[in-house]
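Participant: This structure is in structure tokens; I'll ask about it shortly.
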Amino acid sequence: MGMIPKLPVAEWIDAATEWTTDTFEFLFDFIKEDFGDFIEIVAEDWLMGIPIWLFIIVVGVLAFFASGKKLGLTAFSVIGLWFIANQELWEELMNTFTLVIFASLISVIIGVPFGIWMAKSKMAEKILTPVLDFMQTMPAFVYLIPAVAFFSIGMVPGVFASVIFATPPTVRFTNLGIRQVSHELIEASDAFGTTGTQKLFKVQLPMAKKTIMAGINQTVMLALSMVVIASMIGAKGLGQTVITGLQRAEVGTGFVAGLGIVILAIIIDRFTQNLNTQRGD
Amino acid sequence: MKRTIINKKEEVRDVPIIQVENLSKIFGKNAKKATKYLDEGLSKEDILEKTGNTVGVNRASFDVEEGEIFVIMGLSGSGKSTLVRLINRLIEPTEGSVYIDGQDLAKMDSKDLREVRRQKLSMVFQRFGLFPHRTVLENAEFGLEVQGIDKNERKEKAKKSLEMVGLGGYIHQFPGQLSGGMQQRVGLARALANDPEVLLMDEAFSALDPLIRKEMQDELLELQESMKKTILFITHDLDEALRIGDRIALMKDGRIVQIGTPEEILVNPANDYVEKFVEDVDRSKVLTAENIMKRPETVDIQKHGPRTALERMRKEGLSSIYVTDAKRNLHGYVTADDVSAAVKQDSDNLKGILRTDVPKVDPQTPMQQIFDIIHDSPVPVAVIEEGKLKGVIVRGAVLAALAGSEVNLNGYDS
């Protein structure tokens, strides 16, 4: 062991991060400023601009139809949201919700094309599989460090870290869904003279839709689980309240905020799952 | 192969619609190398042992004429499914050529290949290959949609095609809601909607239960009457092959062992393998009067009298004999008893004792229908074509043919 001195891996990564920060400063600044502003507008002007009672009613109605006119999800959504409002955590909820939506959207926008690429090319699968493993097994806290380096603190680095953490399931499930399409259907498509693009949009993606949606559901859940962690670098929301509870040793405060996250998680989960089980089956 | 087209009357074009030449597929790495062993005539097993490569298809050559139903028949592992996929290049051939309308598919770039698949070849799959997320109509219009044909036009064509297979009332259902037989009708309609020149049917009816399968075979034959498509039909079921095939290619271990009409394959199996294969076939459905008839013994009504007739019957051991004229037009028959009586009465003419209640069939009558006729008849059945006596069928020949023994082919040359 003594033969080889300690390799300066940490220093290399520091240098690389510094170089990236300096080189792409204009880009990071742009994202930090403009994207950050946009997130704030969505959270504070749009979502918080809606009266709480109206918001709850709209969610209730959507839940009623999304769940196939069953009352369970509707009742749960209405009571859950009312409880959060009652606990004076509405603003935190809206911030968390915004963060989850942005992180999920970006993850899906990045994840689906990568998943398609992975399904279409063996080479891509070979390269991406270890990368995805790495992204998922690396402790999520670690992503906070470059996030802060690139975007300092606030919502934007929170979204950034969440995206890295939450993207892999969408990529994996998209790949899986496309590869699961039966060989005979691919042959049928080829036999009728489809181009690669036609095959993708007319056969593979529609057939893989359920699996991809399951991946997206996972992605949303992971993004939500990142909320508490992201609040350590100043992302506003329910996570911040949990951290406050932790720092001040207020069990009750932390628990109530945690309950809020659970309620939000269940509502989002059931919504995305119900969207997945509609049409024809 | 000497005869190429049988019982088809349409014009013959100079180039067969499908020409397959020396087509081979070897699966595995270094496949090209393994083709050398094919040259040396090594068996499939030997090549697998030596190189680790599997021979899918071994130097297949055949032509398919326009409007014919050409059946490729073999057991599982014989390479028939690989062969059909080589024809529309779902599988890349290792060597050899496939000409569709004289164009070599194996050398085409992907764009031309796509065009051929869109315009000329349609495929029907064993497990139907329907898209479960599309309705029956959307499935049927798939090929047209891919070609970028206008929405209304393609819907019209797809509907027509669905009506043709009897599914006009189901267009808005999903495939999962239909029975197997109906699903395969959708598969057929989808293939026909393109109006292709060639239908490739890969074990299209094999997943259906026997009654439905027979129904589908009948329907295909009925459709074929009006469409006159060229159909390449893959099956492992010999009865099916014999039933619908104009010609049959028998495959074993990737090699084509015999090509011929159903009759030829039954009557003249090329080798032991084919012979064993056809042993259990229900011959009565395949063989026709032509295959089992004998050259008839006759007397000439103008030239011969009762004495000649009696003499011939005695020589051949017959109890009756057919009476024709010089042009072999059938007049009737006389029995040994009547002839003996006529001889005793010194008659010199057969006209007085001629019987005309002749049991007749034409050369294409299937053997199955001959059973009843021959059962009720005291005399051999006459095979008549345009009024002329082509041959006779005796009871013994029917039994012999059913048993699968050598069939006397005396009738063929006349």
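Okay, residues lined up against (1) assigned to a loop (DSSP other than H, G, I, E, B); (2) farther than 30 Å from A:N175 by Cβ:
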position	(1), (2)
A:K6	yes, yes
A:E33	no, yes
A:G36	no, yes
A:L81	no, yes
A:E92	no, yes
A:T96	no, no
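Participant: Quick one: count up the residues across the range B:163-198 that are open to solvent by 70 Å² or more (accessible area, probe 1.4 Å), in a helix (DSSP H, G or I) and under 27 Å from B:I87 (Cα atoms).
Facilitator: Residues flagged as open to solvent by 70 Å² or more (accessible area, probe 1.4 Å), in a helix (DSSP H, G or I) and under 27 Å from B:I87 (Cα atoms) within the range B:163-198 amount to 1.
Participant: Can A:G154 be described as more than 11 Å from the chain's Cα centre (by Cα), modelled with pLDDT of 95 or more and open to solvent by less than 30 Å² (accessible area, probe 1.4 Å)? Give the steps one after another, and end with the answer.
Facilitator: Details: more than 11 Å from the chain's Cα centre (by Cα): yes; modelled with pLDDT of 95 or more: no; open to solvent by less than 30 Å² (accessible area, probe 1.4 Å): yes.
Answer is no for this residue.
Participant: Something else now. Which residues, counting only those in the range A:157-184, are within 14 Å of chain B (Cβ to nearest Cβ), open to solvent by 30 Å² or more (accessible area, probe 1.4 Å) and touching a residue at least 12 places away in the same chain (Cβ under 8 Å)?
Facilitator: Scanning the range A:157-184 gives a single hit, A:Q180.
Per-residue answers, yes or no, for (1) outside any helix (DSSP H, G or I); (2) of a type in the set (D, E, K, R):
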{"site": "A:A15", "(1), (2)": "no, no"}
{"site": "A:E40", "(1), (2)": "no, yes"}
{"site": "A:I56", "(1), (2)": "no, no"}
{"site": "A:V59", "(1), (2)": "no, no"}
{"site": "A:L62", "(1), (2)": "no, no"}
{"site": "A:F76", "(1), (2)": "no, no"}
{"site": "A:E88", "(1), (2)": "yes, yes"}
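Participant: Using the structure shown, decide if A:F255 is open to solvent by 50 Å² or more (accessible area, probe 1.4 Å) and aromatic (F, W, Y). Write out each step before concluding.
Facilitator: On the way: open to solvent by 50 Å² or more (accessible area, probe 1.4 Å): yes; aromatic (F, W, Y): yes.
Here the answer is yes, as A:F255 does meet what is asked.
Participant: Please state which of the following conditions B:N53 fails to meet, knowing it meets all the rest: (1) more than 30 Å from B:R154 (Cβ to Cβ); (2) within 14 Å of chain A (Cβ to nearest Cβ).
Facilitator: Of the numbered conditions (1) more than 30 Å from B:R154 (Cβ to Cβ); (2) within 14 Å of chain A (Cβ to nearest Cβ), the odd one out for B:N53 is (2).
Participant: Could you figure out which of (1) open to solvent by 10 Å² or more (accessible area, probe 1.4 Å); (2) among the β-branched types (V, I, T); (3) over 12 Å from the mean Cα position of the chain (by Cα) isn't true of B:V274?
Facilitator: (1)
Okay, residues lined up against (1) in a helix (DSSP H, G or I); (2) more than 8 Å from chain A (Cβ to nearest Cβ):
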site	(1), (2)
B:R114	yes, no
B:V124	no, yes
B:F131	no, no
B:N139	yes, yes
B:G143	yes, no
B:S161	yes, yes
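Participant: Report yes if some residue within the range A:234-245 is open to solvent by 20 Å² or more (accessible area, probe 1.4 Å), of a type in the set (A, V, I, L, M, F, W, C) and either closer than 30 Å to A:G111 by Cα or touching a residue at least 12 places away in the same chain (Cβ under 8 Å) (or both); otherwise report no. Write out each step before concluding.
Facilitator: Going residue by residue through the range A:234-245, those that are open to solvent by 20 Å² or more (accessible area, probe 1.4 Å) are A:234, A:236, A:240-244.
Pick out the ones that are also of a type in the set (A, V, I, L, M, F, W, C) and you get A:242-243.
Checking which are either closer than 30 Å to A:G111 by Cα or touching a residue at least 12 places away in the same chain (Cβ under 8 Å) (or both) leaves us with A:242-243.
Checking the range A:234-245: at least one residue is open to solvent by 20 Å² or more (accessible area, probe 1.4 Å), of a type in the set (A, V, I, L, M, F, W, C) and either closer than 30 Å to A:G111 by Cα or touching a residue at least 12 places away in the same chain (Cβ under 8 Å) (or both).
Participant: For the structure I just gave you, tell me whether B:K276 is touching a Leu at 6+ places or on another chain (Cβ under 7 Å) and charged (D, E, K, R). Full working, then the answer.
Facilitator: On the way: touching a Leu at 6+ places or on another chain (Cβ under 7 Å): no; charged (D, E, K, R): yes.
The answer is no for B:K276.
Participant: While we're looking at this one, here's another question. Take the residues in the range B:224-239 that are modelled with pLDDT of 90 or more and open to solvent by less than 20 Å² (accessible area, probe 1.4 Å); name whichever of them is farthest from B:E65 (Cα to Cα).
Facilitator: Among those that are modelled with pLDDT of 90 or more and open to solvent by less than 20 Å² (accessible area, probe 1.4 Å), it is B:T235.
Participant: Return a yes/no flag: does the range B:95-108 have any residue that is assigned to a helix (DSSP H, G or I) and either facing chain A (nearest Cβ under 8 Å) or open to solvent by 20 Å² or more (accessible area, probe 1.4 Å) (or both).
Facilitator: yes
Participant: Return the residues of the range A:210-221 that are in contact (Cβ under 8 Å) with a residue 60 or more places away in the chain and open to solvent by 10 Å² or more (accessible area, probe 1.4 Å); say none if nothing qualifies. Lay out the reasoning, then the answer.
Facilitator: Just the residues of the range A:210-221 that are in contact (Cβ under 8 Å) with a residue 60 or more places away in the chain, to begin with: A:210, A:212-216, A:219-220.
A:K210, A:I212, A:M213, A:A214, A:I216, A:V220 - these are the residues of the range A:210-221 that are in contact (Cβ under 8 Å) with a residue 60 or more places away in the chain and open to solvent by 10 Å² or more (accessible area, probe 1.4 Å).
Participant: Could we say that B:E203 is open to solvent by less than 40 Å² (accessible area, probe 1.4 Å), charged (D, E, K, R) and at pLDDT below 95 here? Show your work before the answer.
Facilitator: Details: open to solvent by less than 40 Å² (accessible area, probe 1.4 Å): yes; charged (D, E, K, R): yes; at pLDDT below 95: yes.
It is true that B:E203 is open to solvent by less than 40 Å² (accessible area, probe 1.4 Å), charged (D, E, K, R) and at pLDDT below 95.
Participant: If you don't mind, there's one more thing I want to ask. Are there any pairs with C-beta distances below 9 angstrom linking a residue in the range B:318-331 that is assigned to a strand (DSSP E or B) to a residue that is β-branched (V, I, T) and open to solvent by 80 Å² or more (accessible area, probe 1.4 Å), with the two at least 6 apart or on different chains, and if so which?
Facilitator: B:H331/B:T356
Participant: If you don't mind, there's one more thing I want to ask. Could you look through the range A:101-144, keep only residues that are farther than 30 Å from A:L200 by Cα and without any contact (Cβ under 8 Å) to a residue 12 or more places away in the chain, and pick out the one that is most open to solvent (accessible area, probe 1.4 Å)?
Facilitator: A:T137
Participant: Only one of these is under 23 Å from B:G79 (Cβ atoms), of a type outside the set (A, V, I, L, M, F, W, C) and either in contact (Cβ under 8 Å) with a residue 12 or more places away in the chain or touching a helix residue (DSSP H, G or I) at 6+ places or on another chain (Cβ under 7 Å) (or both): B:T235, B:T288. Name it.
Facilitator: B:T235
Participant: Determine the pairs where a residue that is among the charged types (D, E, K, R), located within the range B:376-388, has a partner that is part of a strand (DSSP E or B) and at pLDDT 85 or above with Cβ atoms under 9 Å apart, the partner being 6 or more residues away or on another chain.
Facilitator: Close Cβ pairs satisfying both conditions: B:K388/B:T324; B:K388/B:N329; B:K388/B:L330.
Participant: For the range B:272-318, which positions are polar (S, T, N, Q), modelled with pLDDT of 85 or more and over 22 Å from B:E386 (Cβ atoms)?
Facilitator: Hit for the range B:272-318 is B:T308, nothing else.
Participant: Turning to a different aspect of this structure: When you check B:G28 against the structure, is it among the small types (G, A, S) and either over 20 Å from the mean Cα position of the chain (by Cα) or surrounded by fewer than 23 Cβ atoms within 10 Å (Cβ to Cβ) (or both), yes or no?
Facilitator: When the stated conditions are applied, B:G28 passes them.
The values are calculated or read from the model by the stated rules, or taken from the named source; none is laboratory data. Nothing here was measured: the structure is a model prediction, and the numbers come from that model. All Cβ positions, glycine included, derive from the backbone under ideal geometry; neighbour counts span all protein chains shown. Note: areas computed on protein heavy atoms with side chains; ligands, DNA, RNA excluded. Shrake-Rupley method; radii C 1.70, N 1.55, O 1.52, S 1.80 Å.
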